[in-house]
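The values are calculated or read from the model by the stated rules, or taken from the named source; none is laboratory data. In this text, all values refer to a predicted model and were calculated from it rather than measured experimentally. Every residue, glycine among them, receives a Cβ derived from its backbone with ideal geometry; neighbour counts consider all protein chains shown. The accessibility values were calculated without ligands, DNA or RNA, using every heavy atom of the protein model including side chains. Shrake-Rupley method; radii C 1.70, N 1.55, O 1.52, S 1.80 Å.
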Amino acid sequence: MSADSPTSAPPPGARPDWTIDQNWQAYSQAEHDVWTTLYERQTKLLPGRACDAFLKGLDALDLHRGGIPEFARINEELTRLTGWSVVAVPGLVPDEVFFEHLANRRFPAGQFIRKPDELDYLQEPDVFHDVFGHVPMLTDPTFADYMQAYGQGGMRALGRGQLHNLARLYWYTVEFGLLETSEGLRIYGAGIVSSRAESIFALDDPSPNRLGFDLERVMRTPYRIDDFQQAYFVIPSLKALLNATLQDFEPIYQRLTDAPDIAIDVMAPGDRVFTCGTQAYALAGGRLASA
Ligand code: PHE
Ligand code: FE
């Protein structure tokens, strides 16, 4: 995800498009071990929870070797499958830089990895979130097209000052999306699959609302960046998600300027309700209470 800050110059050592070398040789054994710990936790948990496209992508990329993967190696397979590649960046990048990369089928991934005492929670996306969380889905042709379209739409929305509605779409799909399957709900959002606790919470906890995806509804719903989501939106298929975004968003942005936000914890008329959440977790104070 991108930083909200106005355009700033890339940090020293980064290229004008904010990319840096991954410098894979420089990772320490302790850093590789953090990846392996997180990787093993998630791959045990995710069968039956993550959607097939994610699990298939994970296999295709062969991230099973232990340690932080080398982007050059991942890219051979990723580019062959969908024309995407992963590029290293120092951390969050400005919106227009982020969109420009997506529009060109490049996914900017944090180069650094979290510290051993931050396994469960960190503020800025690191290489585990970005690569383990996001890249498997980019091997799926439909999702690959969606992400590129999002980058193109982001550039247009930025020009029109409409980014906040579009950012919600990213959040509730790319980061925290759920998918309906004949076997039950499955995760495709990167923010969920890269988090042990949220991989359980998002599917099993009675607290959050789980609602059918509707483009304008999602664009009217604020989100949380500091804790588990209070609402998740369920798409019927990746194709349906892509199809919903093929239309020109300009008329939607126009309508939304007059439409009030929908509170994060309520159900709205027209919602397809998978779970009417108790909101018990949020009401009890969330992460702060359980810390
Ligand atoms: N169709 C959108 C527009 O007109 C672009 C877009 C596609 C946005 C996919 C998000 C996801 O701006
Ligand atoms: Fe992310």
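A few remarks follow.
- Cβ-derived FRET efficiency at R0 22 Å, HIS64 paired with GLN25, nearest 0.05: 0.60
- Most fluctuating residue given options LEU122, LEU38, LEU185, as computed from a GNM of the chain linking Cα atoms under 10 Å: LEU122
- Selected from PRO251, PRO116, PRO69 as most flexible by GNM, with the chain as the system and alpha-carbon contacts under 10 Å: PRO251
- Anchor LYS115: aspartates and glutamates whose Cα lies under 17 Å away (excluding residues fewer than 8 positions away in-chain): GLU31, ASP33, GLU40, GLU124, ASP126, ASP130
- In order through segment 60-69: 3J(HN,Hα) via Karplus (6.51 cos²θ - 1.76 cosθ + 1.60), integer Hz, x for Gly, Pro: 4, 7, 6, 8, 7, 7, x, x, 4, x
- Using R0 = 30 Å, the C-beta based FRET efficiency linking ASP214 and ASP120 works out to 0.40.
- Beta bridges by DSSP in the chain, antiparallel share as percent, to the nearest 5: 35 percent
- Accessible area per residue in Å² at 1.4 Å probe, computed on the chain: 44 Å²
- The residues THR36, THR221, sorted by heavy-atom accessible surface at 1.4 Å with ligands and nucleic acids left out, run THR36, THR221 from largest to smallest.
- Pairwise label distance in nanometres, VAL266 with THR43, each label 7 Å out on the Cα-Cβ vector: 4.6 nm
- Between ALA259 and ASP226, the FRET efficiency estimated from the beta carbon spacing at R0 = 25 angstrom works out to 0.50.
- Counting only protein heavy atoms and a probe of 1.4 Å, the accessible surface of the chain is 53% carbon and sulfur.
- Protection proxy ranking of 155-168, 47-60 - average other beta-carbon atoms within 10 Å, highest first: 47-60, 155-168
- Each principal axis of the chain carries a Cα extent, and these read 54, 40, 36 Å when sorted largest first.
- If both residues of a DSSP beta bridge must be in segment 42-194, then about 40% of such bridges are antiparallel.
- Extension gain (nm, one decimal) between THR278 and PHE112, 0.36 nm per residue minus Cα-Cα: 56.1 nm
- For peptides 175-183, 236-244, 123-131, sequence by mean Cβ density within 10 Å, most packed first: 123-131, 175-183, 236-244
- Amide H contacts under 5 Å for VAL87, placed H, 5+ residues apart: PHE107, ALA109
- Choice from ARG80, ARG210, ARG186 with maximal GNM fluctuation in the chain (Cα, 10 Å cutoff): ARG80
- Backbone HN-Hα couplings from phi across segment 187-199 [Karplus 6.51/-1.76/1.60, Hz, Gly and Pro as x]: 8, 10, x, 5, x, 7, 5, 8, 10, 4, 5, 6, 4
- Rounded to whole Hz, the Karplus (6.51, -1.76, 1.60) HN-Hα couplings of segment 112-119, x for glycine and proline: 7, 10, 4, 7, x, 8, 10, 4
- Put simply, the amide H of ALA50, placed in the peptide plane, has neighbours under 5 Å in ILE187, leaving out anything fewer than 5 places away on its chain.
- Close amide H partners of GLY67, meaning residues 5 or more places away or on another chain with modelled amide H under 5 Å apart, are THR36.
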